[in-house]
Amino acid sequence: MRPSHPAPNAAPLTRKDLVPLNGRPNDALSDDRSAPTPRRRRALPRTESGPRLEQKTIRRAEARCSEGEVHFFLQRIAGGLYVEREETPRRGTRTSQSLVFSDRGSFERWCADDPVRFRHPLLHAQLKRDGDALWAVEP
């Protein structure tokens, strides 16, 4: 059995000394392109699961400022719309809320009463847009 590394005064390794990883003889590792290449397998059609479905039923929104961060996570579920709101101030206590809205009207009323609409109006607009888009998706 050969050692895993050559001795310090041994001759340098050549291409023929290398062990092939694919089991073909060393001469098949040469640079000529005459060896057949394996055919590519055709990709399977994507189904409505995995990341593609997740993009349709899940949305995230966040805002950062000098006072801290606000994160929203929205997901369309069979019972309606699931919303997580997490507020992390630079100093103080982290606040986390988890809510499920059964209809669009209750979600819109909650958005209208959320104080984030004053501190982060662009985030508030994105939250409403994402919520409306998720109501249109069937879970």
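Compare the peptides 123-136, 87-100 by average per-residue count of other Cβ atoms within 10 angstrom and give them in order, highest first.
So the peptides 123-136, 87-100, ranked by packing, come out 123-136, 87-100.
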Inset, instruction - List the residues whose amide H sits under 5 Å from the amide H of His120, counting only those 5 or more places along or on another chain, with H placed 1.01 Å from N in the peptide plane. - result: none
Inset, instruction - Pop out the carbon and sulfur fraction of the accessible area of segment 99-139 as a percent, whole number, probe 1.4 Å. - result: 54
Inset, instruction - Provide, in order from the shortest bin, the percent of all Cα-Cα pairs of segment 66-138 in each 10 Å bin, continuing until the bin that contains the maximum pair distance. - result: 18, 54, 23, 5
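The values are calculated or read from the model by the stated rules, or taken from the named source; none is laboratory data. Just so we're clear, the structure is a prediction, and the values are computed from it rather than from any experiment. Note that we place each Cβ from the backbone using ideal geometry, even for glycine, and neighbour counts take in every protein chain shown. Ligands, DNA and RNA are stripped out before the accessible areas are found, and what is left, the full protein with its side chains, is counted by its heavy atoms. Shrake-Rupley method; radii C 1.70, N 1.55, O 1.52, S 1.80 Å.
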